[in-house]
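The values are calculated or read from the model by the stated rules, or taken from the named source; none is laboratory data. Please read these numbers as outputs of a predicted model, since none were measured by experiment. In this analysis, Cβ positions are derived from the backbone assuming ideal geometry, glycine residues included, and neighbour counts consider all displayed protein chains. In case anyone asks, the SASA skips ligands and DNA or RNA and just uses the protein heavy atoms, side chains included. Shrake-Rupley method; radii C 1.70, N 1.55, O 1.52, S 1.80 Å.
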Amino acid sequence: MNSFSYARASESPDLAVALLNENQGRYLAGGTNLIDLMREEIETPAALVDISRLPLAQIEEREGGLRIGATVKNSHCAAHPLVRDRYPLLSSAILHGASAQLRNMATTGGNLMQRTRCYYFYDTASRCNKRTPGSGCDAAQGFHRIHAILGTSPHCIATHPSDMCVALTALDATVQVTGPDGERSIAFGDFHRLPGNTPHVETELRAGELITAVDLPASSANLPSIYRKVRDRASYAFALVSVGAALRVEDGRIADVRIALGGVAHKPWRASIAEQMLHGAEPTEANFRQAAEAELTPATPGHDNAFKVELAQRMIASVLQELAEVKA
Amino acid sequence: MPLHTFQLQINGDTRTLSNLDPRVSLLDAIRDHCGLTGAKKGCNQGACGACTVLVDGERINSCLTLALQYEGRDIRTIEGLAEADGSLHPLQKAFVEHDGFQCGFCTPGQICSAVGMLAEYKAGAPSAVTDGEVGELAGAELQERMSGNLCRCGAYVGIREAILEAAAQ
C-alpha cells in the first residue's frame, strides 16, 4: 500500500469536500473495497478523507418516498422497517450481496462507488484500460466467464458488481451529490457509465464531488417485486446474472413493470426494451419470454460467457411470471 | 506522511497507539500493536471472516478497514467475551461442547460473528433467505447468516450445533 495522509471529516459534507480539494485524494467510508484495492496498489491515493462519521446516516421520509443517507450502512438500510415495507426490492438486493460483516461496514454511497471485480483489473501483470487507460484489455481474449454481454466496448468488458444498484436502477432512484461547485442531483440510470472509449471513467461524478444521499421516489413504492441472483455458490458470491423486477397488473394489463439486470454490463442494466414491450400488454408467459429475448438480442457475449444470454432471458421471464402469478 | 497518535477502546480497556502509520488496518492494530492475537489474519481481503470483531455490538471484518477509523469506538474481540471471573461466554461454551472447531484458526472469528449474528437475528433483521417475517434459525437461515465465516477444516456441523444451542438459551 502506498503511503497517504489521513483526515477525518465528521461535521459536514462541505468540510469533507474542502478537505479533499486541499489534499487531492479519495473519500473513505466503509473501506471494504477501497482498502482492498489500495492493498493491491490498484488505487494509490495520496490522501484519504474519512467520511464515515458524517451526519448522513439517516433514512427519512421525503416527498412520499425515502431519502437514504450516504453513510447508512447497507445492513441498516436492508433491515429498516420503511425500506422493507415500501421498497422490499432494495432490501432483498442488499441482502443478496456480500456477507453480514461487509454489509455492516459498507455504506450507501460506497456501494455505488465500488469497482469491478474483473480479474484482469485486479491483476497488475495484466493489461487493463480501466487501471491503465490505453494499455489494452486482456479480458477480451482471456477467461471472461464473469464478464459483460451488454453495452460492452472493445476497450472493456468488465461488469459492475453491485446488487443494491440493480434495485436502485429499477426503482428510479436519484443520487444527491455535493461538490466544489455546489449540490446537484443525478438520475440513477445516468450515474454509472458504459465503458465506451473511457472505461476508467465509471460514473458521472466530477472531481471532488461527494454522494450525500440516494432518494427513492413515491412512484416506485409498494410494488410487488423479486430480486433473484444466480451465482456460483448459494451465498456470498458476486452475481453471474441477477434480476431485480417489479410488476403491477391492472384490469388484466401490465400497468407498471420495472426490470434491471446485474452481472451483465458495466453498469446496472435497466431492461428498457423489455419494459417498453410489456407496458400495457397482457401478463402472459409468452409475452414475458418475448420481451426477455428482445432485451438480450443486442448481447455480444464472448466464448466463456455466452451462457449468460440464455440465463438472463430465462431469469427475466421466470421472475415476471412468478410476479404475475403470486404477487400481482 | 504524518503519523497518528490516538486511542482505541478494546474490550473496555483504553489502548493508546503512538505514532501509528495510517496504513495500519484495525486487525493489525489489534494483533500487533495491542497484542490481542485472537482475531486472525486469514485472507486479509474480507473473504474468510477470521478477522471478525464486534464494533458497537456489530460484527465487521477488521482486515478491511483502517485502525484510525475506529478511534473511540467500542471494539470487542474474542478476548473480551468471557466474564471477568474467566467463565466463558455461552457461545464459547457451546463451541467447546459441540466440537465447533478442528484447528481453531477460524474459531475466534466464528464466535464473534455468531455473537453479532444472534443479536441481529433477535432484533428481527432479515436475511437473503428470509421470506416475509424472519423465520426459525435453522437450515438455510443459519447458513446464510454465517456465510461470511469459512472453516477450512470443515467443522461446520459442530459450529452449527453450537450456535443453535446458544441461540436457544
| If the cut-off is 16 Å between C-alpha atoms, which aspartates and glutamates fall inside it for A:Lys130, apart from same-chain ones fewer than 8 positions away? | A:Glu40, A:Glu41, A:Glu43, A:Asp138, A:Glu202, A:Glu204
| query | So what's the back-of-envelope 222 nm ellipticity for chain A, counting only DSSP H runs of four-plus at -39500 (n - 2.57) apiece and dividing by all residues, rounded to 500? | reply | -7500 deg cm²/dmol
| task | Give the percent of DSSP beta bridges with both residues in the stretch A:1-97 that are antiparallel, rounded to the nearest 5. | result | 35 percent
| note | The FRET efficiency for A:Arg193 and B:Ser18, from their Cβ-Cβ distance with R0 = 60 Å and rounded to 0.05, is 0.85
| request: Run the numbers on the stretch A:5-49 and let me know its relative contact order in percent, using alpha-carbon pairs under 8 Å that are six or more apart. | output: 52 percent
| request: Report relative contact order for the stretch A:107-195 in percent, whole number only (criteria: Cα-Cα under 8 Å, sequence separation at least 6). | output: 25 percent
| message | Pairs of alpha-carbon atoms within less than 8 angstrom and 6+ residues apart define the contacts here; what relative contact order does the stretch B:38-114 have, in percent? | response | 39 percent
| query | On the first, second and third principal axes, largest extent first, how far apart are the outermost C-alpha atoms of the stretch A:223-327 in Å? | reply | 43, 29, 21
| Values of log10 I(q)/I(0), in the order q = 0.14, 0.19, 0.24 Å⁻¹, for the stretch A:187-282 under a Debye, Cα-only, solvent-free model | -0.71, -1.11, -1.28
| message | Between helix A:285-296 and chain A, what is the angle of the helix's C-alpha long axis to the longest principal axis, kept within 0 to 90° and rounded to the nearest 10? | response | 40 degrees
| Euclidean distance between Cα centres, the stretch A:281-325 to the stretch B:49-79, Å | 43 Å
| field | Candidate lysines for bridging to B:Lys40, where Cα separation is under 29 Å - those fewer than 8 sequence places away on the same chain excluded | value | A:Lys73, B:Lys93, B:Lys122
| request: Starting from the coordinates of the alpha-carbon atoms of the stretch A:123-217, obtain the Kirkwood hydrodynamic radius over all distinct pairs and give the value in Å to one decimal. | output: 14.8 Å
| query | Considering the stretch A:1-104, what Rg and Dmax in Å follow from its alpha-carbon atoms? | reply | 15.7, 46
| request: Determine the percent antiparallel among the DSSP beta bridges restricted to chain A, to the nearest 5. | output: 85 percent
| remark: At 10 °C in a medium of viscosity 1.306 mPa s, the stretch B:4-80 has a Stokes-Einstein diffusion coefficient, with Rh taken as the Kirkwood radius over alpha carbon pairs, in µm² per second, of 132 µm²/s
| query | What is the distance in Å between the Cα centres of the stretch B:118-136 and the stretch A:234-252? | reply | 20 Å
| said: Over the protein assembly as shown, with the other protein chains present, what is the accessible area per residue in square angstrom, probe 1.4 angstrom? | reply: 40 Å²
| query | Between A and B, buried accessible area summed over both sides at probe 1.4 Å, in Å² to the nearest 100? | reply | 3000 Å²
| field | Global size of the stretch B:90-168 as Cα Rg and Dmax, reported in angstrom | value | 11.9, 38
| note | Taking 0.36 nm per residue of separation between B:Val96 and B:Ala168 and subtracting their Cα-Cα distance, the length gained on full extension comes to 24.3 nm
| remark: If the chain between A:Glu183 and A:Ala294 were fully extended at 0.36 nm per residue, the gain over the current Cα-Cα distance would be 36.1 nm
| said: Give me Rg/Rg_expected for the stretch A:5-49, where Rg uses Cα atoms only and Rg_expected = 2.2 N^0.38 Å with N residues. | reply: 1.13
| task | Find how much the distance from A:Val201 to A:Glu250 grows on full extension, using 0.36 nm per residue of separation minus their present alpha carbon separation; answer in nm with one decimal. | result | 13.5 nm
| Pairwise centroid distance, computed over Cα atoms, of the stretch A:92-119 with the stretch A:178-229, Å | 15 Å
| field | Hull shadow area, averaged, chain B [alpha-carbon convex hull, nm²] | value | 10.2 nm²
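Find, to one decimal place in angstroms, the Kirkwood hydrodynamic radius of the protein assembly as shown, where the mean of 1/r is taken over every pair of different Cα atoms and then inverted.
Kirkwood radius, the protein assembly as shown: 23.5 Å.
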| request: Within chain A, what's the longest run with no GluC sites (Glu not before Pro) in a DSSP loop and at most 16 other beta-carbon atoms within 10 Å? Give the range, please. | output: A:64-203
| Taking a 1.4 Å probe, which of B:Val134, A:Val175 shows the most accessible area, and what order do the others take after it? | B:Val134, A:Val175
